[in-house]
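Here is the structure we will look at, set down as structure tokens.
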Amino acid sequence: MICDESGASLVTPTVGATAEGVVISVDNRGGADLLYLRGPQVSPFLEAGEQRLGPFDLAPGSHEVGCFATPFRLAEVSDAAWVSLEVTDPAGHYMPAELGCPESEQISLVSHVAPEGSGKEEAVRASLTGVRTNDEVRHVHYPEGRRSVFAVDRNGQTAALVTARVVGDRWAVSGYGCADAGVRDVKGNGSSPG
């Protein structure tokens, strides 16, 4: 990808995913401050010159990306400023997961509970109440990705979708669950994300 005075352009419009996710090579000739990925991604700041950014947790498919000086207002960015990056996953690294309920029935889950020494699946189970012994806790998205994303599956549907990461000496587990599944954070909280 090239970031220059005219904006973003792609040398190769397709990038292949690895087990860690998607890495984007950027030649920042124009001195842009930010590589912005539309969607729920962290958009990294850029340095001048060539650099490799990521890995990003981008699902296979089309994603819009742009190079911008800061500050900028997303609402004022024209459609012409975006380029379409196609992510492929020929090796099948990406494991998709979606909550089994509409957004209107989703609740947010936040916990900082399990000690760092515990495993990730153990941390997810310790950080959430209402996870049954026969629920499957599975690693989803990219298996070696920077973000450890887990699905709590019950009866063929995903009841909760959370990210686990180490913060200090504890695991921080946060995400969303289906209200009717009864999965809550350890304080019993579960609030509507909207």
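Looking across the range 67-96, just one residue is in contact with a Lys or Arg (Cβ under 8 Å, 6 or more places away or on another chain) and under 21 Å from Arg29 (Cβ atoms), and that is Trp82. Evaluation of Thr133 against the conditions (1) more than 20 Å from Leu37 (Cβ to Cβ); (2) surrounded by 13 or more Cβ atoms within 10 Å (Cβ to Cβ) shows that the sole unmet condition is (2).
Scanning the range 85-139 for residues that are without any contact (Cβ under 8 Å) to a residue 12 or more places away in the chain and in a strand (DSSP E or B) returns no hits.
Within the range 52-66, the set of residues being of a type in the set (D, E, K, R) and closer than 18 Å to Asp27 by Cβ comprises Arg52 only. For the range 141-156, residues that are over 20 Å from the mean Cα position of the chain (by Cα) and either surrounded by fewer than 18 Cβ atoms within 10 Å (Cβ to Cβ) or free of Cβ contacts under 8 Å to residues at least 12 places away in the same chain (or both) total 2.
Values in this text are rule-based calculations from the coordinates and carry no lab data. Note that the structure is a prediction, hence the values are computed from the model and not measured. Because the Cβ atoms are built from the backbone with ideal geometry, glycine has one as well, and the counts that use them run over all protein chains shown.
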